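One structure below.
The values are calculated or read from the model by the stated rules, or taken from the named source; none is laboratory data. Computed from a prediction, not measured in an experiment: that's the story for all the values here. Cβ coordinates were reconstructed from backbone atoms using ideal geometry, including for glycine residues, and neighbour counts include every protein chain displayed.
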């Protein structure tokens, strides 16, 4: 008997802890989750309004007050504003398990998105996972409306008939509970055991301004639609203006915030000696469990508060700096509309820090949106770098940053859209390289040089790019080059000539030897990268490998060999023709840029002069620093412990590839 009691206590002790951890994970995931947008409807047949009309101004005022109202914490907002035909009525309903902050955030996104999706309709409605927003010039309060609406289903259950029976009973029971709710909340959740050891989780909700009868009617009507649309489905969502239903075979709601339904407790045992022992053991087990539960709650709360505090401090420091720039801050909902909810059809590519999407802003301008990965600390650094540095730069050969978004955990950078993708898209492709004749290539070389000269000398600040490469040179409609991706860039003082880092970042083949080996970088590091890039443009070959007939090797080695043998024409891309003197001069300048010692390399001011004036005599180059592959780099790293990591991911390639 004692063993039995101890076993009972152990089970009582373990189960609530695991249950609590499980519930806590659901709660945390809801806090961090981005609201999922489902559908909107613009009621064109209900009338339109014109911009800046009385109705338009009333609508803006009403929606601003709705999402900013902090007095309401039960998730239901029903407001009116204006008079007679210009009166606007609005309802905002958050799912019953949504926290107040998450609710207001969802409604805030909804008001921006809905007014952009339906820019002049007097009546409109929108559904997210966690909230619904609708407005109209007619009365919509205390009225049951089942249209418009939509449903979404998942895959089918294996035992359809048994599953449907359990589901119907669950949803009908929840309907009875929700419809009898008060004027603040008509919401219910519960679960039931289904066939094949499955648990079915259900959620139903009405707008609480409905009467019991109307709530019941809306939910039962929706339940009756399940056989037609979702018969045997393991999960489905139904969204109506007056009610919602959802069921799944996994827990999708937050049971801590939700009004969960509990089964009736079993009757107490008859009074007896044996019964007293069992009850006493249970009381002890429950007491121990509650104590452990309280301790665990306090511990998790402390950890959460600590993590939130650190995260807020980190974000606040960045936000203060970023918000002080002149770059335009943009709302997340606006960018979501511009990119069609970050659809795959709008996706241009993906780099080391996240995907890039094509979009169109509300005033018609095409943009490229870089969405940085939420969990990347390196992404946070890149975001801060891009906003703080690029915002200060204005040059025709630098990509223009139009705006940014810093909401919740989202980090978005909005650039001008550059239609001709990047330089590597052309020069490394057997067919497309023919589109770049020597005249175009020479203009690209000149443009890159001008952009670097601006960064190093002519702008209000001195900037070292540190990741100049073919994929970071974008080409506009006229094939003018634009240097992009300043995530690795570093700001120098006016009189500063060099800096050191213990963390080497960049792309193999473009990095200067003093940077790779010793972590030293300067303007001469960018000059080295420029020299490599010029050789790639002239040859149409990647720096890691080049092959001409029986000769092959890395690009710097092969170019130096042709220089010494006076056979430099062998390195030139056979698809181009032009001034051989100009082409040979570019190869000569490139070899000066890739010399092993940084002091021997010219500045970008000298490079620009050499390119623009053929009367300038060029010095003889010394042996270049040969490109370093990953094998030799690992040896270097073993001898230089201060170098912690190298980013081989080649950073983001921000536009269409």
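Quick notes
- Scope the range 139-164; condition more than 24 Å from residue 128 (Cβ to Cβ) and modelled with pLDDT of 90 or more; matching residues: 139
- Restricting the range 458-488 to residues that are in a helix (DSSP H, G or I) and at pLDDT 90 or above, the residue that is nearest to residue 532 (Cα to Cα) is 470.
- Residue in the range 406-425 that is modelled with pLDDT of 90 or more, touching a helix residue (DSSP H, G or I) at 6+ places or on another chain (Cβ under 6 Å) and in a helix (DSSP H, G or I) present: yes
- Of all the criteria given as (1) modelled with pLDDT of 90 or more; (2) in contact with a helix residue (DSSP H, G or I) (Cβ under 7 Å, 6 or more places away or on another chain); (3) not in a strand (DSSP E or B), the one not satisfied by residue 367 is (3).
- The range 324-362, residues that are part of a loop (DSSP other than H, G, I, E, B), surrounded by fewer than 16 Cβ atoms within 10 Å (Cβ to Cβ) and at pLDDT 80 or above: 340, 341, 343
- Among helices (runs of 4 or more DSSP H) entirely within the range 136-255, having at least 3 residues that are within 30 Å of residue 55 (Cα to Cα) and in contact with a helix residue (DSSP H, G or I) (Cβ under 8 Å, 6 or more places away or on another chain) singles out no element at all.
- Extreme residue, farthest from residue 479 (Cα to Cα), among residues of the range 426-442 that are outside any loop (DSSP other than H, G, I, E, B) and without any contact (Cβ under 8 Å) to a residue 40 or more places away in the chain: 432
- Yes/no for residue 90 being within 28 Å of residue 340 (Cα to Cα), part of a loop (DSSP other than H, G, I, E, B) and either free of Cβ contacts under 8 Å to residues at least 12 places away in the same chain or more than 22 Å from the chain's Cα centre (by Cα) (or both): no
- The range 467-493, residues that are closer than 19 Å to residue 508 by Cα and in contact with a helix residue (DSSP H, G or I) (Cβ under 6 Å, 6 or more places away or on another chain): 468, 470, 471, 473, 483, 484, 485, 486, 487, 489
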